[in-house]
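First comes the structure, then the notes that go with it.
Read-outs throughout are calculated quantities, based only on the coordinates presented, and are distinct from any laboratory measurement. Bear in mind that the values here come from a model prediction, so they are computed numbers and not experimental data. Here Cβ is always computed from backbone atoms with ideal geometry, including for glycine, and neighbour counts include all displayed protein chains.
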Amino acid sequence: MKELIIGAAAAVIGLNSGQAAPLPEVKADDVGVSQQRLTRLDEFFAREIAGQRVPGAVVAIARDGKLVHYKAYGQLDPAKGTPMPLNAVFALASMTKPMVAVAGLTLMEQGRLPLQAKLTDYYPTFANMKVGVPRFDESLEFKSQASPIRIHDLYRHTSGLAYGGRPDSSNQVARLYPDFATPAIRGDKEAFIDSITRLPLAHQPGTEFQYGCSIDVLGAVVELVTEQRLGEYLTKALWDPIGMHDATFHPSARQRERLARPFPHDPLTGKPQAIELLDTPTKFDCGGACAFSTVGDYVRFAQMLLNGGELEGRRILGPRTVHHMISNHLGPEIKNNVAHVEPHRAGFGFGLGVAVRTNEGLSAVPGNPGEFTWAGAYGTQFFCDPKERLVVVVGTAAPGEIRTYYREQVQDIVYSAIVR
């Protein structure tokens, strides 16, 4: 239980050192959440940390717009034994995507980036991409695009663009693609666009959910439309207005002191592991995977979405735009592979930058239709349940497959604590 005590102390220290809570605080029992049942989260992370399965975590839970749980557990840097502070900065990986989707939707609301616009209106070289169709001998047949990639396809991952290096990348075309962070580390935005447009598409645009670099491309489009770097536009349109002061693509020296770091070896396989972005600056603001933030900042972002686009009087999106964002955009004509990316996401479709629960049951975790969510490959996760007026954000630095295990456990424990 030593690590649990360290985590609790870090939570108290964070609040007593001038760091304001990201949302108003309330006793859990006052808003229908059992405080006694929430202690299971403490017990869970105590076990995981004692077993050296997760180095540490920060967890924020809000109901009715008020924090009922906000704690730090374990260690920020297991190599140094640094206690985890509440304001730890996490590499968000794919939890960058929902923020970039919001950036794009602010432009849609301004009449500057419609969903049905063709991607070639912004980057003409995407017209040259062929669709790679696997043959029985494992060679590829190349076919022309039956319809163009549209901006809509970027939001919902139906563009045909893929990621390499993923367990769900069984399609042999997907294996040709770089993994999610490599392009921004190795080269600039122009090199990224040039490299992927030389590859085949994994499927015809608009026909199949294929998780990949679509939101990276959306971020590049946002830069063209706004004539700003993606991080500059996000700062102006989202991060500053709702007080996400640690959100960034390029951590400062002081923020780097608060970066959460993983174990040097995967606790499941024993193989070396690292989060390269922690020590290697990116050469462009990749919209799919390269932002950093605290859990406190991200819970404000998630609460803004749950509120219908507004937080503390600052409106980012109109409520009907948010409703459109968190609705399922995978119609019956589109093959739904969402559960291939997150194994407990059966019963989910995909909206504009977020997965959306469409069915009762099916999923391995409790929840309600309308829940929207996404997670990051380095260990972060968030989910919002409009019916339960619930927001949950978890920050960890755990890039191995164990992250899927504790994502499921956290959601089970949180829902078990909702008693009315």
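The ratio of the alpha-carbon radius of gyration of the chain to the globular-protein estimate 2.2 N^0.38 Å is 0.94.
Among the trypsin sites (Lys or Arg not before Pro) within segment 79-182, those in coil by DSSP and having at most 10 neighbouring Cβ atoms inside 10 Å are Lys80, Arg135.
What fraction, in whole percent, of alpha-carbon pairs in segment 101-226 exceed 16 Å separation? Of all Cα-Cα distances in segment 101-226, 60 percent exceed 16 Å.
Measuring nothing but how far apart in sequence close Cα pairs (under 8 Å, 6+ apart) lie, relative to its length, the chain scores a relative contact order of 22 percent. For a 4.7 Å threshold on C-beta separation, the list of partnerless cysteines in the chain reads Cys213, Cys384.
For Lys130, the lysines whose Cα comes closer than 19 Å to its Cα, not counting residues fewer than 8 places off in the same chain, are Lys118, Lys143. Helix 97-109 and the longest principal axis of the Cα set of the chain meet at an angle near 60°. Take every pair of alpha-carbon atoms less than 8 Å apart whose residues are at least six positions apart; their mean separation over the length of segment 101-226 yields a relative contact order of 33 percent.
Estimated translational diffusion coefficient (Stokes-Einstein, Kirkwood radius over Cα pairs, 20 °C, 1.002 mPa s) of segment 185-226: 183 µm² per second.
How tilted is helix 295-306 with respect to the longest principal axis of the chain? Cα atoms for both, answer in degrees (0 to 90, nearest 10). Approximately 60 degrees, to the nearest 10. Working note: Cα gyration tensor of segment 27-110, eigenvalues times five, square-rooted, sorted largest first, giving semi-axes of 28, 22, 10 Å. For Lys387, the lysines whose Cα comes closer than 30 Å to its Cα, not counting residues fewer than 8 places off in the same chain, are Lys27, Lys66, Lys71, Lys97, Lys335. Against the chain, whose longest principal axis is taken from its Cα atoms, helix 35-50 shows a tilt of about 70°.
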